[in-house]
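Structure first, then comments.
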Amino acid sequence: MKDIGQKLAHYSSHGVSILLHPLFMVIYVSLILYRLNPIQFYAGGDLERDLFFIGLVSLTIIFPLVAIFMLKAVNLISSIQMKDKKERVGPLIATLLFYAWLYINIRQKFDDLLALQAFLLGTLIALALAFFLNNFTKISLHSIGIGGLLMGLFLIRLNTPYTLMPLGQYLIHLDFLLMLVVIAVGAVGSARLYLGAHDSEQVFGGYLVGAFAQLLAFGILF
């Protein structure tokens with residue numbers, strides 16, 4: 001029974017780390033904003049909306065992953081987990097460039113998506129801070145991502161008149177989503193600690209970086 005429990009905890013920690021990977025945070029926020037107010041995503045019709053989300057997924061997930069696998073293929077990193085902080089330099093730079101490209105395009109073409117612009121700017125600030133802090137410590141990128149998601153949703157809750165998100169036949173209040181993300185924050189931190197990927201200072205430091213970056217970004221744009 002002990003072995004079964006350990007295996008379950010191990011696989012659960014990996015599952016949480018994948019499901020709440022920092023590369024997914026922008027997509028999660030975009031989908032929430034879309035469900036809250038779909039009209040702002042229909043400025044150019046269905047086709048433009050679909051192309052928007054294709055571009056969003058490409059620049060926030062696919063392109064960064066391709067860059068990571070290319071770095072792995074040429075042996076610049078030993079594994080996609082990037083266990084050594086030096087190996088994270090290249091992927092952080094690539095991700096920062098892709099996210100900056102996305103942010104500039106959304107600023108130019110989607111004026112109505114101010115909350116998403118703010119979250120993206122916060123993500124850029126968090127990436128820049130992670131790149132700088134990586135010189136001194138292997139700060140948890142997972143906790144930066146989930147900390148930013150929690151603060152970002154909290155600030156969206158304060159700055160948007162839309163608080164009810166349709167989900168099938170039900171309406172989900174943003175406050176309920178915030179409670180779920182609070183649980184997710186604990187799950188991510190526990191998973192990273194259990195897997196030995198980070199120590200407690202790196203995890204809690206990541207929370208602070210992610211939250212601070214979103215506070216700064218929303219303060220600038222709002």
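Brief remarks follow.
- Residue that is surrounded by the most Cβ atoms within 10 Å (Cβ to Cβ), among those in the range 167-196 that are modelled with pLDDT under 85 and not aromatic (Phe, Trp, Tyr): LEU167
- When the range 1-47 is filtered for residues that are small (Gly, Ala, Ser) and closer than 30 Å to VAL209 by Cα, the ones remaining, listed by number, are ALA9, SER12, SER13, GLY15, SER17, SER30.
- Some residue of the range 213-221 being closer than 24 Å to LYS83 by Cα and either surrounded by fewer than 17 Cβ atoms within 10 Å (Cβ to Cβ) or at pLDDT below 95 (or both): no
- Positions within the range 179-207 being without any contact (Cβ under 8 Å) to a residue 40 or more places away in the chain and more than 15 Å from the chain's Cα centre (by Cα), in sequence order: MET179, LEU180, ILE183, GLY186, LEU193, GLY196, ASP199, SER200
- Count of the range 47-95 residues which are among the polar types (S, T, N, Q) and either in contact (Cβ under 8 Å) with a residue 40 or more places away in the chain or in contact with a Cys (Cβ under 7 Å, 6 or more places away or on another chain) (or both): 3
- Tabulated pairs, the range 111-138, first over 20 Å from LEU31 (Cβ atoms), second among the small types (Gly, Ala, Ser) and crowded, with 23+ Cβ neighbours inside 10 Å, C-beta under 7 angstrom, 6+ apart or interchain: ILE125/ALA213; ILE125/ALA217; LEU129/ALA213
- Just one of the listed residues (TYR103, TYR162) is outside any helix (DSSP H, G or I), over 12 Å from the mean Cα position of the chain (by Cα) and not hydrophobic (A, V, I, L, M, F, W, C), namely TYR162.
- Search result, residues across the range 1-25 that are under 12 Å from the mean Cα position of the chain (by Cα) and either free of Cβ contacts under 8 Å to residues at least 12 places away in the same chain or assigned to a loop (DSSP other than H, G, I, E, B) (or both): ILE18, LEU19, LEU20, HIS21
- Residues that are part of a helix (DSSP H, G or I) and of a type in the set (A, V, I, L, M, F, W, C), drawn from the range 133-159: LEU133, LEU141, ILE144, ILE146, LEU149, LEU150, MET151, LEU153, PHE154, LEU155, ILE156, LEU158
- From the options LEU59, LEU20, residue that is crowded, with 16+ Cβ neighbours inside 10 Å and within 17 Å of LEU121 (Cα to Cα): LEU59
- Qualifying residue in the range 63-75 (condition: more than 22 Å from TYR99 (Cα to Cα) and among the small types (Gly, Ala, Ser)): yes
- Checklist (1) farther than 22 Å from GLY205 by Cβ; (2) assigned to a helix (DSSP H, G or I); (3) touching a Lys or Arg at 6+ places or on another chain (Cβ under 9 Å) applied to ILE172, failing item: (2)
- Answer residue from the range 23-44, given it is touching a helix residue (DSSP H, G or I) at 6+ places or on another chain (Cβ under 8 Å), farther than 16 Å from VAL185 by Cβ and not aliphatic (A, V, I, L, M) and is surrounded by the fewest Cβ atoms within 10 Å (Cβ to Cβ) among those: TYR42
- Evaluation of GLY168 against (1) under 27 Å from LYS85 (Cβ atoms); (2) out of contact with any helix residue (DSSP H, G or I) (no Cβ under 9 Å at 6 or more places or on another chain) (one fails), failing number: (1)
- Every test in (1) within 15 Å of the chain's Cα centre (by Cα); (2) aliphatic (A, V, I, L, M); (3) more than 21 Å from TYR34 (Cα to Cα) is passed by ILE93 save one, and that test is (1).
The values are calculated or read from the model by the stated rules, or taken from the named source; none is laboratory data. Not measured: the values here are computed from a predicted model. Backbone-built Cβ (ideal geometry, glycine too); neighbour counts: all protein chains shown.
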